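Since the structure comes first, as structure tokens, the remarks are kept for the end.
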Amino acid sequence: MSREQNIAALPRLHEVIGDVTLDSASLHGQNLRTTRVLHDLLDYYEAPATADHTIVFAPAQTKDVVRFYGASESGSAKHARLTTIMPAGREVTWRSDSLVETLHISIDDAILRRHINDTLDIDPASVDVLDTMGNVDDQIAKLAPMILRQIHDPTPATKLMLDGFEQVVAAHLITHYSSSSRTIPSARTLDDASLERVMDYMRGHLEEDISLEDLASHTTLSLFSFARAFKAATGTSPHQMLLAERIARTAELLRNTETPLAEIAYAVGFSSQSHMTTTFARHMGVTPGRYRKDLRS
């Protein structure tokens, strides 16, 4: 059995972390799981090997967290906006003198190797994720608050948002925490005809929870290449473009129809009228009801 098959047979991190978690809240997509957890590491906690590569970010200050492989201490860190990388397939023991709050961002080994295959002209099996502890990582420090806000947001996260998180995490692990000496090449070009097909699909399916795969299927690009090429061509991410199209369609319906607000919300893909109201007001500076009323006054 190959190393990849051995890792694939292991449990996912979220299936085993409950033994040490006092409190948790999760957000997960098809291939990425993010969990904010409060750990009890006051005794030695022996964490089993899992099939996930995990980024661990500590948003708050704690005392020293010590990590062991077997009987040997392999690192320690005062967790305050620091990042630790836990590669798949490794058993590890943790200990701390205080409770520890962390954000876990986990991606399956097989999925990460698919990203490597899509972006680098090398054998994915030849690339290892590097074990790192207590690293200052500005990109993760910026990404973590976005994920934490979304975890606690009562509005359901869209597939495009979660797919976008996956692309960022995979690229970051490959570029900064892998044994590959190659950087991810510049985004492939998304030609005008392909971009038009993507936008036509997006505008024609606003009421649906569109995924990155749905959009990429209208091009010849891989998921990873498409996400980067789309941003290069438009200056924004697929998720932000979809949100802009939903707001534009909402404004159009408010101007030209008498459709009730609740019906508009569902027609353009918002999860509820309150979700539409909050999002529309944030981007337009006025609620949908006031927008419609002002047009008629």
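Nearest 10 degrees is fine. How inclined is helix 238-256 to the longest principal axis of the chain, computing both from alpha carbons? Computed tilt is about 20 degrees. For the pair Arg12 and Glu207 in one chain, pulling the backbone fully straight at 0.36 nm per residue adds 67.0 nm over the alpha carbon distance. The angle between the Cα long axis of helix 159-176 and the main principal axis of the chain comes to about 40°, on a 0 to 90 degree scale.
Total lysine pairs in the chain at Cα distances under 20 Å, for residues eight or more apart or on different chains: 4.
Principal-axis analysis of the Cα atoms of the chain puts helix 223-234 at an angle of about 50° to the longest axis. With a cut-off of 20 Å, note down the residues of the range 151-186 whose backbone N falls inside the zone around a label point 7 Å from the Cα of Asp138 toward its beta carbon. Answer for the range 151-186: 168-178, 183-184. For Asp108, the accessible area of its heavy atoms, probed at 1.4 Å with every protein chain present, is near 30 square angstrom. Stretched out straight at 0.36 nm per residue, the stretch from Met284 to His176 would grow longer than its current Cα-Cα span by 35.1 nm.
For the pair the range 279-297 / the range 137-195, the C-alpha centres are spaced 32 Å from each other. The modelled label-to-label distance for the pair Thr257/Ala110, using points 7 Å beyond Cα in the direction of Cβ, is 4.2 nm.
Considering helices alone, the calculated mean residue ellipticity of the chain at 222 nm is -13000 deg cm²/dmol, with DSSP H runs of length four and up weighted by -39500 (n - 2.57) and normalised per residue. Among Asn6, Pro260, Pro185, whose Cα projects farthest towards the positive end of the dipole of the chain, with charges put on the beta-carbon of Lys, Arg (+1) and Asp, Glu (-1)? Going by the charge dipole, the pick is Pro260. Note on Arg149 and Tyr69: their simple-model spin labels are 3.8 nm apart, each label 7 Å out from Cα toward Cβ. Magnitude of the charge dipole for the chain, about its Cα centre and with charges confined to Cβ atoms of Lys, Arg (+1) and Asp, Glu (-1), is about 1020 debye.
For the range 233-278, the calculated P(r) over all alpha carbon pairs, in 5 Å bins from 0 to the bin holding the longest distance, is 5, 23, 30, 21, 11, 8, 2, 0 percent. Using all pairs of distinct alpha-carbon atoms, the Kirkwood hydrodynamic radius of the chain works out to 21.1 angstrom. The charge dipole of the range 185-247, taken about its Cα centre with unit charges on the Cβ atoms of Lys, Arg (+1), Asp and Glu (-1) only, comes to about 320 debye.
Modelled spin labels at Thr236 and Ala25, positioned 7 Å past Cα toward Cβ, are 2.7 nm from each other.
The values are calculated or read from the model by the stated rules, or taken from the named source; none is laboratory data. Quantities reported herein were computed from a predicted structural model and do not represent experimental measurements. Every residue, glycine among them, receives a Cβ derived from its backbone with ideal geometry; neighbour counts consider all protein chains shown. Only protein heavy atoms, including side chains, enter the accessible area calculation; ligands, DNA and RNA are left aside. Shrake-Rupley method; radii C 1.70, N 1.55, O 1.52, S 1.80 Å.
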